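**Student:** The structure follows.
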Amino acid sequence: PALALALPAVARMKVYCCPITDTEVASDAMALKPVTELGTITNKDGEVVPLMVSCNTKETSESAAGMDLPESEEAEDEEKKLDYFWQMPGMEMELTEILMVKGTNKKGEKLTPYKNWMTNYFKPYAKGVLKWNKEKGMYDEDELKTALSKFADWVKENRKKLQVFGPSEFITDTGIAPLVYLIYEAEADMYMFLPALDAKKF
């Protein structure tokens with residue numbers, strides 16, 4: 001009789017993409033850690049999704065990225081940057097000096113750095129997330145509004161130490177792209193709002 005071979009199930013990588021630009025923002029190949037104090041939200045499939053995750057990132061050359069080479073083995077003339085950007089090159093545009101600085105609103109009134117972020121980025125971004133959710137039906141609308149509010153509070157609390165990055169075309173005709181938030185203290189950690197990313201399996 002023919003032998004039935006039990007083939008091992010192939011683990012598929014999950015990549016989190018921007019639903020507006022399709023830019024890759026994160027993947028489960030990274031060591032993503034839930035930011036537990038922000039809590040979770042449950043999607044329509046019953047999956048519990050952390051509101052925010054972070055991943056540790058460190059400065060490295062392209063050849064050493066992902067290989068964890070000791071620094072002595074890296075070529076001296078190689079470009080170095082945070083390994084997150086080697087893995088997610090579409091998120092490399094720094095927007096801190098655009099969004100996290102004093103600004104003005106449409107009436108010409110002066111805004112603090114946080115209000116500038118809130119007015120010129122977050123409010124239109126949140127509106128787009130709620131519209132996307134209405135089409136996808138991924139989350140309860142009120143729960144998603146609460147999640148977005150918690151995210152905004154987290155940015156307000158950490159605003160003085162945040163660096164902000166995203167796609168170069170983060171404002172498009174179809175919506176506003178998600179950004180990632182870097183806190184670079186003793187170590188570097190990249191933070192992202194997870195529920196509004198498209199999880200794709202490859």
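**Student:** Residue by residue, what Karplus-based ³J(HN,Hα) values in Hz, rounded to whole numbers, does the range 83-91 have, using 6.51, -1.76 and 1.60 with θ = phi - 60° and x for Gly and Pro?
**Tutor:** Listing the rounded values in order: 4, 4, 6, 5, 7, 10, x, x, 10 Hz.
**Student:** Which one, Gly90, Phe165, Asn133, is farthest towards the positive end of the dipole of the range 76-172 when Lys and Arg carry +1 and Asp and Glu -1 on their Cβ?
**Tutor:** Positive-most Cα among the choices belongs to Asn133.
**Student:** Could you tell me how far the Cα centroid of the range 18-68 sits from the Cα centroid of the range 124-160, in Å?
**Tutor:** Computed from Cα coordinates, the inter-centre distance equals 17 Å.
**Student:** Over the range 137-202, what relative contact order in percent results from Cα pairs under 8 Å that are six or more residues apart?
**Tutor:** 21
**Student:** Expressed in nm to one decimal, what extension gain is obtained for the pair Asp153 and Arg12 from 0.36 nm per residue of sequence separation less their Cα-Cα distance?
**Tutor:** 47.4 nm
**Student:** Using amide H atoms built 1.01 Å from N in the peptide plane, name the residues 5+ places from Met88, or on other chains, whose amide H lies under 5 Å from its own.
**Tutor:** none
**Student:** Given a Förster radius of 25 Å and the C-beta distance between Glu59 and Lys160 as r, what FRET efficiency does 1/(1 + (r/R0)^6) yield to the nearest 0.05?
**Tutor:** 0.65
**Student:** What list of ³J(HN,Hα) values in whole Hz, one per residue of the range 21-28 in order, does the Karplus curve 6.51 cos²θ - 1.76 cosθ + 1.60 (θ = phi - 60°) give from phi, with Gly and Pro shown as x?
**Tutor:** These are the phi-based 3J(HN,Hα) values: 9, 6, 5, 6, 10, 6, 8, 6 Hz.
**Student:** From largest accessible area down, sort Met93, Met52; use a 1.4 Å probe on the protein chains.
**Tutor:** Ranking Met93, Met52 by accessible area, largest first, yields Met93, Met52.
**Student:** Which FRET efficiency value, to the nearest 0.05, is calculated for Glu47 and Glu109 with the Förster distance at 41 angstrom and r the Cβ-Cβ distance?
**Tutor:** E(calc), rounded to 0.05, equals 0.45.
**Student:** Could you state the orientation-averaged shadow area of the convex hull built on the Cα atoms of the range 119-202, in nm² to one decimal?
**Tutor:** 6.9
**Student:** Would you calculate the volume per residue, in Å³, of the smallest convex hull containing every Cα atom of the chain?
**Tutor:** Convex hull of Cα atoms, per residue: 182 Å³.
**Student:** How far is it, in nm, from the label point at Ile183 to the one at Lys80 when both lie 7 Å from their Cα along the line to the Cβ?
**Tutor:** With each label point 7 Å from Cα toward Cβ, the separation is 2.4 nm.
**Student:** Which links in Lys106/Lys160; Lys80/Lys110; Lys81/Lys115 stretch past 28 Å when you go from one Cα to the other?
**Tutor:** Over 28 Å Cα-Cα: Lys80/Lys110; Lys81/Lys115.
**Student:** Pairs of Cα atoms under 8 Å, at least six residues apart: use those to get the relative contact order of the chain, whole percent.
**Tutor:** Taking the mean separation of contacting Cα pairs over the length of the chain, I get 30 percent.
**Student:** Continuing with the same structure: Computing the accessible area with a 1.4 Å probe over protein heavy atoms, can you report the carbon and sulfur percentage for the chain?
**Tutor:** Answer for the chain is 51 percent, counting heavy atoms of protein chains only.
**Student:** Under a 5 Å amide H to amide H cut-off, with H placed in plane at 1.01 Å, what residues pair with Val35 once short-range neighbours are removed?
**Tutor:** Residues meeting the criterion, in which the H sits 1.01 Å from N, are Met52, Val53, Ser54.
**Student:** Name the long-range amide H neighbours of Ala199: under 5 Å, sequence gap of 5 or more, or other chain; modelled H, no Pro or chain starts.
**Tutor:** Amide H neighbours of Ala199, under 5 Å, 5+ apart: Cys17.
**Student:** Let me ask something else. Could you work out how far apart the two model spin labels at Thr174 and Ala29 are, taking each label as a point 7 Å from the Cα in the direction of the beta carbon, and quote it in nm?
**Tutor:** 2.5
**Student:** Averaged per residue, what accessible surface does the chain expose to a 1.4 Å probe, in Å²?
**Tutor:** 60
The values are calculated or read from the model by the stated rules, or taken from the named source; none is laboratory data. What you see is a predicted model, and the numbers here were worked out from it, not measured in a lab. Please note: Cβ atoms are built from the backbone with ideal geometry, for glycine as well, and neighbour counts cover all protein chains shown. Ligands, DNA and RNA are stripped out before the accessible areas are found, and what is left, the full protein with its side chains, is counted by its heavy atoms. Shrake-Rupley method; radii C 1.70, N 1.55, O 1.52, S 1.80 Å.
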